[in-house]
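Let me begin by presenting the structure, written as structure tokens, before commenting on it.
The values are calculated or read from the model by the stated rules, or taken from the named source; none is laboratory data. Being a predicted model, the structure only gives us computed values, none of them experimental. Note that we place each Cβ from the backbone using ideal geometry, even for glycine, and neighbour counts take in every protein chain shown.
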Amino acid sequence: MSMKSFMTDTVMLIKKDGSKIENIKASVQSNKIFINDGTLPIEEGDIITRKLPNDLMEEYLVEDRGYFAAFHGIGAHYQIKVSKNNKPKKSTSTTYNLHGNNSKVNINSNDSSINIANINKETVFQELSTTISNQIIDPTEKQQLLDKIKELESVKNTNNYNSKYTEFLGMVSKYITIISPFIPMLTEYLKK
């Protein structure tokens, strides 16, 4: 019995450049495909497809072409190591359990924010001033922000607070990562 009698499947070879060679006789196994034609230009990275009787397609990625030259009456052939290319992708998920005030997660990034856990309404302006003093490098901008914080604190229980708060937010937009922990406490002074 010759090897040709085992070649009961018909496959198509799709090269990396998109060119196709159709109607190739083969024997398709789970991890290997046997092809009795040693003249085919099969390379690692090529795709081999097979149409099933139900019209669905199977796709295999060539991992090792497994070429064998003619030897002792057996013609040149391929014993191609393959993997299914259309396996459903396993979804990966990560669970983060965060605990405590101001918990953070940084994934592939640098953290330049400040984590302040004990901000309360009574100390918010002092804490904000300290943070601005420690984090803002430009002395002019630092002083302008510190002055605006003092002004904001001086009108905290008046009708002028809303407009001063809006002015303050306009000034600190480029420093939002620094002041964001303070915003919830600062908004508590807004008059409705």
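Structural remarks
- Count of segment 38-76 residues which are in contact with a Phe, Trp or Tyr (Cβ under 8 Å, 6 or more places away or on another chain), at pLDDT below 90 and within 14 Å of Asp9 (Cα to Cα): 0
- Index of the failed condition, Val105 passing every other in (1) in contact with a Phe, Trp or Tyr (Cβ under 8 Å, 6 or more places away or on another chain); (2) over 16 Å from Ile179 (Cβ atoms); (3) surrounded by 11 or more Cβ atoms within 10 Å (Cβ to Cβ); (4) modelled with pLDDT under 85: (3)
- Residue within segment 20-40 that is of a type outside the set (Val, Ile, Thr) and on the phi > 0 side of the Ramachandran plot present: yes
- Checking each residue in segment 161-183 for being touching a residue at least 12 places away in the same chain (Cβ under 8 Å) and surrounded by fewer than 17 Cβ atoms within 10 Å (Cβ to Cβ) picks out Asn162, Glu167, Met171, Tyr175, Thr177, Ser180.
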